[in-house]
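Structure first, commentary second.
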Amino acid sequence: MKISVSGTYSAGKTSTVMALSHYLGLPRTLARTIREILPEAVPGKALAEVTPAEFLHLMLRRHCGRAVAEARLGDSFLSDGSSLQEWLYGAARVVHGMNPNATAANEGGLAPEVSAGMRFFGEVVDEYGKAFRRHVKETYDVFIHLEHELEIASDGHRPMNKGFRDTIDRMLLDTVEELGIPLHRVSGTMPERMEKITAVLGLTPVMSIGQALELGKREYDAQDFRLETERVSSTTGA
């Protein structure tokens, strides 16, 4: 079974997937994140500073990385999101601006206007989206959608724009429904989420929730949370 644990940013996808992988004994995809790709693809810039053209580069790199990671694991794996995320993070920027932080205080977190350049960016993103949606439809058996009941994590990387996050979440749910992929919406604490996910999938745990949470936490804490520009400085200094 190919499972996407879905949701917008700060929904808890990564920590859930890490713990759930141990709990159910399923491998998880290990594609590089935008945070990891950015210093190499657009050196010296934070995500909030990238141009539309640079963002298209990041979308393509991230999607290709996902596709390769999925293919390596065959017919049974857990994925932290899907390529729908890459498409929607671009599509939502058309209405909320390339830097959603800058429009967060506006009504609905919306950009005051959409320039001709951003309209063209949106057209290209839509074409990417056609390919990404087809890939997702042909890849995944089921989506587990995490409700965004957590506060946005202010880490200097994630856009601090509630309207932007709401737009992505709504479009994500609508798209999965349009694709006809079974979807289960899950909420609650981490142990509650894991129990609910296990039940709807009809799978049998291979260890206790406590053990899985501890192993997942170790993996989560071992990630490199430095900002993109700090990674560049570190690499240059080495």
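The values are calculated or read from the model by the stated rules, or taken from the named source; none is laboratory data. Because the structure is a prediction, the values reported are computed rather than measured. When we count neighbours, we look across all protein chains shown, and the Cβ atoms used for this are built from the backbone with ideal geometry, even at glycine. Note: accessible area is taken over every heavy atom of the protein model, side chains too, but ligands, DNA and RNA are not part of it. Shrake-Rupley method; radii C 1.70, N 1.55, O 1.52, S 1.80 Å.
Residue ranking by accessible heavy-atom surface, 1.4 Å probe, largest first, among Met59, Met190, Met160 comes out as Met160, Met190, Met59. The distance separating the Cα centre of segment 96-130 from that of segment 192-223 comes to 36 Å.
For the chain, the longest principal axis of the Cα atoms and the long axis of helix 116-139 meet at an angle of about 20 degrees.
Angle of helix 209-221 to the longest C-alpha principal axis of the chain, folded into 0 to 90 degrees and rounded to 10: 30°. Measuring spread by the Cα atoms of segment 73-194 yields a radius of gyration and Dmax of 15.6, 47 Å. Placing +1 on the Cβ of every Lys and Arg and -1 on the Cβ of every Asp and Glu, with no other charges, gives the chain a dipole of roughly 360 debye about its Cα centre. Can you compute the FRET efficiency between Ser76 and Glu40 using 1/(1 + (r/R0)^6), with r the Cβ-Cβ distance and R0 = 45 Å? Round to the nearest 0.05. Efficiency for this residue pair is about 0.90. Across Lys196, Lys130, the residue with the most accessible area heads the list, and the full order at a 1.4 Å probe is Lys130, Lys196. Temperature 25 °C, viscosity 0.890 mPa s: under these conditions the Stokes-Einstein estimate for the chain, based on its Kirkwood radius over C-alpha pairs, is 133 µm² per second. Taking 20 Å as the limit for the C-alpha separation, the pairs Lys13/Lys162; Lys2/Lys137; Lys45/Lys162; Lys13/Lys196 exceed it in the case of Lys45/Lys162. Of the residues Ala212, Ala48, Leu84, the one whose Cα sits farthest toward the positive end of the charge dipole of the chain, with +1 on the Cβ of Lys and Arg and -1 on the Cβ of Asp and Glu, is Ala212.
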